Amino acid sequence: MALHIVDHPLLIDRISRLRDKNTSKILFISYLDQASSILAVFSTKNLALQPIKVETPLETTSCYVLRQKIILIPILRAGLGMLKSFQFLLPEAQVFLLGATRDEKTFHTTLYHGHVPNIDEHHQLFLLDPMLATGSTLKKAVEFLKAKGAMSIRVVCCIASPEGIKQLCQSHEEIEIFTGCVDREVDSQGFILPGLGDAGDRLFGHADNNFEFLP
């Protein structure tokens, strides 16, 4: 597994603002979008290219384009806060959603939405979630995507925990993780410390967990 900690002054600043409990919902959305833009640039830095011929208005020239097809997969709900910035840079990318819920006592993750077509070695996947906490959700997501045929997956998050990184490393050593920082630890309730709270709630409001799964 490759862990990439993105060191950029603007990203450090935006994550600090995301941590602040007094940051309003509107500003939280904006700061997450800005942080995600920086992460998008760095997490795509070493994508493979292939040569092509392009007709300019004046002549034919040799250029390069991305070799792999890009698929963006935000984890519902919080991952949606990162999607717009990635789509801005990669408008040609396909987008599929994964929904996951976690048992607050056991931290066991259940996927409740995952309509993803078959994937092959020509696809580069970006799994988007602001927080890599216990690692159970992203571990489950990676397992699901690999079962669909995914060969190359990059996890992108603003904040990660040592426990979450270890969880992914032990289960999927080929995965690349791009994050803005690695925090101290995960507490007994599965929250990253010092963290930034529940990213989904701060983006969209408090979630009512008393819902029924669709048949």
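The table below lists the values:
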| item | result |
| --- | --- |
| Some residue of segment 94-104 being surrounded by fewer than 19 Cβ atoms within 10 Å (Cβ to Cβ), of a type outside the set (Ser, Thr, Tyr), without any contact (Cβ under 8 Å) to a residue 24 or more places away in the chain and not in a strand (DSSP E or B) | yes |
| Count of segment 162-194 residues which are within 14 Å of the chain's Cα centre (by Cα) and either among the polar types (S, T, N, Q) or outside any strand (DSSP E or B) (or both) | 5 |
| Qualifying residue in segment 50-68 (condition: crowded, with 18+ Cβ neighbours inside 10 Å and either farther than 22 Å from Gly114 by Cα or out of contact with any Lys or Arg (no Cβ under 8 Å at 6 or more places or on another chain) (or both)) | no |
| Candidates Thr137, Thr110 - the one that is modelled with pLDDT under 95, polar (S, T, N, Q), under 22 Å from Gly164 (Cβ atoms) and part of a strand (DSSP E or B) | Thr110 |
| Enumeration of residues in segment 169-185 that are surrounded by fewer than 18 Cβ atoms within 10 Å (Cβ to Cβ), within 24 Å of His8 (Cα to Cα) and of a type in the set (A, V, I, L, M, F, W, C) | Cys181, Val182 |
| Qualifying residue in segment 110-130 (condition: under 22 Å from Asp183 (Cβ atoms), free of Cβ contacts under 8 Å to residues at least 60 places away in the same chain, open to solvent by less than 10 Å² (accessible area, probe 1.4 Å) and touching a Pro at 6+ places or on another chain (Cβ under 9 Å)) | yes |
| Pair list, Cβ < 6 Å and 6+ apart or interchain, from segment 145-157 residues that are closer than 19 Å to His4 by Cβ to residues that are buried (at least 18 other Cβ atoms within 10 Å of the Cβ) and aromatic (Phe, Trp, Tyr) | Arg154/Phe126; Val156/Phe126; Val156/Phe178 |
| Residue pairs meeting the criteria (Cβ under 6 Å; at least 6 apart or on separate chains; first part of a loop (DSSP other than H, G, I, E, B), in segment 53-79; second charged (D, E, K, R)) | Gly79/Asp129 |
| Search result, residues across segment 1-26 that are outside any loop (DSSP other than H, G, I, E, B), without any contact (Cβ under 8 Å) to a residue 24 or more places away in the chain and either of a type in the set (Asp, Glu) or touching a helix residue (DSSP H, G or I) at 6+ places or on another chain (Cβ under 7 Å) (or both) | Asp13, Arg17 |
| Complete set of residues in segment 165-193 that are touching a Ser or Thr at 6+ places or on another chain (Cβ under 6 Å) and either acidic (Asp, Glu) or within 13 Å of Leu127 (Cβ to Cβ) (or both) | Phe178, Asp183 |
| Some residue of segment 142-150 being more than 17 Å from His115 (Cβ to Cβ) and open to solvent by 10 Å² or more (accessible area, probe 1.4 Å) | no |
| Matching residues, segment 14-54, being closer than 24 Å to Leu90 by Cβ and of a type in the set (Asp, Glu) | Asp33 |
| Residue list for segment 156-168, filter: β-branched (Val, Ile, Thr) and open to solvent by 40 Å² or more (accessible area, probe 1.4 Å) | none |
| Scope segment 186-210; condition more than 17 Å from Thr137 (Cβ to Cβ), open to solvent by 60 Å² or more (accessible area, probe 1.4 Å) and modelled with pLDDT under 90; matching residues | Ser188, His206, Asp208, Asn210 |
| Members of segment 16-33 that are farther than 24 Å from Arg184 by Cβ and open to solvent by 40 Å² or more (accessible area, probe 1.4 Å) | Ser24, Lys25, Ile26, Leu27, Ile29, Ser30 |
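The values are calculated or read from the model by the stated rules, or taken from the named source; none is laboratory data. Bear in mind that the values here come from a model prediction, so they are computed numbers and not experimental data. Neighbour counts run over all protein chains shown; Cβ positions are idealised from the backbone, glycine included. Calculation scope for accessible area: heavy atoms of the full protein, side chains included, ligands and nucleic acids excluded. Shrake-Rupley method; radii C 1.70, N 1.55, O 1.52, S 1.80 Å.
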